[in-house]
Amino acid sequence: MTLAVERPLSGTRSSRLRTLLERAFFTQDSVLKIMLNSRNECYFQWGWKTPAGWAWKKVKFNDMELGELLLVLEGKKENVAFFHSFDGKEGKTTTQIWVNRSGDYCTFKVKECSKGLNEGEQRVLQQLLGHAIVMMSLTL
């Protein structure tokens, strides 16, 4: 896990993009990663094994969407879904993201991949999402 709190001043030479927060939840064949950068952009990445190596799908979430994700992680909602558009190799595509709670597990899914989180992983992700929401709202 990577966590940093310093941000370069905007408009200065040191305003290059930096990773402030990064955490990956792995299994043998899939991974779910959360990242927050110095532009206050929060991304989730789904990764899955292919014969050619790892393939990735990256999704940028805003603070309201992160709040919806927290409601599912906290058990206050059973599911939530989002649509996001991407400019990729195939042109512009739209992907649906599903987050579902079933018993003690919470599953994050895109068309190509899903990653279930156990209770411990959910707790870690809750803390990181809370931190990301606060950081996205601060101006330092």
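Computed quantities for the displayed model
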quantity: Test: residue in region 17-32 that is in contact with a Leu (Cβ under 6 Å, 6 or more places away or on another chain) and surrounded by fewer than 18 Cβ atoms within 10 Å (Cβ to Cβ); calculated: yes
quantity: Residues satisfying the stated conditions in region 119-140, i.e. surrounded by fewer than 12 Cβ atoms within 10 Å (Cβ to Cβ), modelled with pLDDT of 90 or more and of a type in the set (A, V, I, L, M); calculated: Val134
quantity: Output for region 96-118, where each listed residue is basic (Lys, Arg), surrounded by 19 or more Cβ atoms within 10 Å (Cβ to Cβ) and either out of contact with any Ser or Thr (no Cβ under 9 Å at 6 or more places or on another chain) or more than 19 Å from Gly67 (Cβ to Cβ) (or both); calculated: Lys115
quantity: Any strands (runs of 3 or more DSSP E) falling wholly within region 37-125 and containing at least 3 residues that are touching a His at 6+ places or on another chain (Cβ under 9 Å) and within 21 Å of Glu22 (Cα to Cα); calculated: 53-61
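The values are calculated or read from the model by the stated rules, or taken from the named source; none is laboratory data. Worth saying up front: this structure is predicted, and the values here are computed from it rather than measured. Neighbour counts run over all protein chains shown; Cβ positions are idealised from the backbone, glycine included.
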